[in-house]
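Here's the structure we're looking at; comments come further down.
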């Protein structure tokens with residue numbers, strides 16, 4: 001193990017809980033511009049003094065500008081670190097950080113403010129190694145959890161030498177793992193236009209949008225095939241229809257979450273939705289198209305070098321959930337995700353980081369960054 005990596009990882013772990021508590025203290029659901037600004041201010045306070053700050057427009061309209069922290073060195077390589085500061089937790093459900101046994105429990109702690117803390121720590125560590133890189137940047141966005149618009153930042157960093165994303169870490173066969181393969185992700189929205197009628201005196205005079213959406217949900221769910229060639233998951237998640245208990249619903253909307261190894265498989269699910277049911281018209285659109293990621297081959301050597309520096313084996317693994325790393329993988333060959341701490345219950349009230357994972361994950365993150373820059 002690189003003794004410098006060991007010492008720095010111990011230092012990162014010693015202050016991790018304090019830094020994480022500061023970020024988690026801010027309730028920051030996607031779309032809350034004021035909350036993002038608070039988080040951005042904390043990130044600036046935790047960043048090295050040498051870092052300059054940029055505020056590019058967010059991919060999603062009506063959001064606060066994203067945050068880029070960067071500084072330059074005298075070397076040749078360029079390294080991008082990626083995180084997001086938004087969470088899925090509504091303000092009324094927010095839970096500040098608290099230690100419960102071997103867990104740090106709090107809203108957004110593992111998805112992904114714990115990863116943000118490690119990314120900021122890596123940024124600070126690299127500030128003392130200017131001869132090892134030409135440029136290092138940390139991109140923190142505010143819309144990862146609920147983005148339907150196209151991602152705007154990939155071209156900005158196209159051709160950089162490596163991208164490290166700090167979503168939560170994991171174990172694979174008992175070894176610390178990073179994520180180098182992800183499914184593509186899509187959000188399918190089905191709109192229904194029916195015809196209103198009195199549900200008691202003239203129910204057959206209407207065209208029931210709710211029933212049509214139910215048929216659409218059934219059609220989507222019928223394509224669910226996680227063991228199939230595309231590892232497709234197709235899950236109806238939200239349905240809205242109707243305004244009164246005694247009126248045939250005239251309109252409505254269905255949302256479905258679809259993941260697969262190819263975007264074509266996701267498009268095929270949208271194509272399986274019928275266009276008309278019981279007189280109601282249906283229109284299926286793919287709102288969100290996040291590309292799949294597979295950097296296993298390109299990153300094999302990087303993982304081996306990082307494992308040597310971290311003093312432990314680092315295993316290549318995959319994950320079904322979407323991540324901004326997927327947007328960078330097509331333009332940065334060495335893209336690795338899952339560099340955050342390990343934890344559990346993401347998107348749930350008991351979301352947490354495991355305390356005993358922080359130091360080894362910090363060592364892996366720093367080792368990965370140094371290995372990428374040594375390239």
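Per-structure values
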| quantity | calculated |
| --- | --- |
| Subset of region 273-294 that is on the phi < 0 side of the Ramachandran plot and part of a loop (DSSP other than H, G, I, E, B) - its residue that is surrounded by the fewest Cβ atoms within 10 Å (Cβ to Cβ) | 275 |
| Of residues in region 129-144 being surrounded by fewer than 21 Cβ atoms within 10 Å (Cβ to Cβ) and not in a loop (DSSP other than H, G, I, E, B), the one modelled with the highest pLDDT | 135 |
| Where residue 23 falls short, out of the listed (1) over 23 Å from residue 165 (Cβ atoms); (2) in contact (Cβ under 8 Å) with a residue 60 or more places away in the chain | (1) |
| Test: residue in region 156-172 that is part of a helix (DSSP H, G or I) and not assigned by TED's automatic domain parsing to the domain that holds residue 274 | yes |
| Residue, nearest to the chain's Cα centre (by Cα), within region 295-304, restricted to residues that are surrounded by fewer than 21 Cβ atoms within 10 Å (Cβ to Cβ) and under 17 Å from residue 327 (Cα atoms) | 296 |
| Single residue of 65, 96 found to be part of a loop (DSSP other than H, G, I, E, B), assigned by TED's automatic domain parsing to the domain that holds residue 329, free of Cβ contacts under 8 Å to residues at least 40 places away in the same chain and closer than 23 Å to residue 25 by Cβ | 65 |
| Test result for residue 347, touching a strand residue (DSSP E or B) at 6+ places or on another chain (Cβ under 9 Å), buried (at least 22 other Cβ atoms within 10 Å of the Cβ) and either more than 24 Å from residue 136 (Cβ to Cβ) or modelled with pLDDT under 95 (or both) | no |
| Some residue of region 188-200 being outside the structural domain of residue 323 (by TED's automatic domain parsing), in contact (Cβ under 8 Å) with a residue 12 or more places away in the chain, assigned to a helix (DSSP H, G or I) and surrounded by fewer than 23 Cβ atoms within 10 Å (Cβ to Cβ) | no |
| Test: residue in region 307-314 that is in contact with a strand residue (DSSP E or B) (Cβ under 6 Å, 6 or more places away or on another chain), under 30 Å from residue 205 (Cβ atoms), touching a residue at least 40 places away in the same chain (Cβ under 8 Å) and outside any strand (DSSP E or B) | no |
| Some residue of region 103-111 being under 20 Å from residue 327 (Cβ atoms) and assigned to a helix (DSSP H, G or I) | yes |
| Test: residue in region 257-267 that is surrounded by 15 or more Cβ atoms within 10 Å (Cβ to Cβ), touching a helix residue (DSSP H, G or I) at 6+ places or on another chain (Cβ under 6 Å) and either in a strand (DSSP E or B) or assigned by TED's automatic domain parsing to the domain that holds residue 176 (or both) | yes |
| Single match in 307, 338 (criterion: surrounded by 24 or more Cβ atoms within 10 Å (Cβ to Cβ), within 14 Å of residue 176 (Cα to Cα) and either touching a helix residue (DSSP H, G or I) at 6+ places or on another chain (Cβ under 6 Å) or at pLDDT 95 or above (or both)) | 338 |
| Selection within region 1-29 - touching a strand residue (DSSP E or B) at 6+ places or on another chain (Cβ under 9 Å) and surrounded by fewer than 21 Cβ atoms within 10 Å (Cβ to Cβ) | 17, 21, 27, 29 |
| Failed condition for residue 108, given (1) on the phi > 0 side of the Ramachandran plot; (2) in contact (Cβ under 8 Å) with a residue 60 or more places away in the chain; (3) surrounded by fewer than 14 Cβ atoms within 10 Å (Cβ to Cβ) | (3) |
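The values are calculated or read from the model by the stated rules, or taken from the named source; none is laboratory data. Treat the numbers as computed from the prediction; the structure is a model and nothing was measured. Counting neighbours? That spans all protein chains shown, and the Cβs are built from the backbone with ideal geometry, glycine included.
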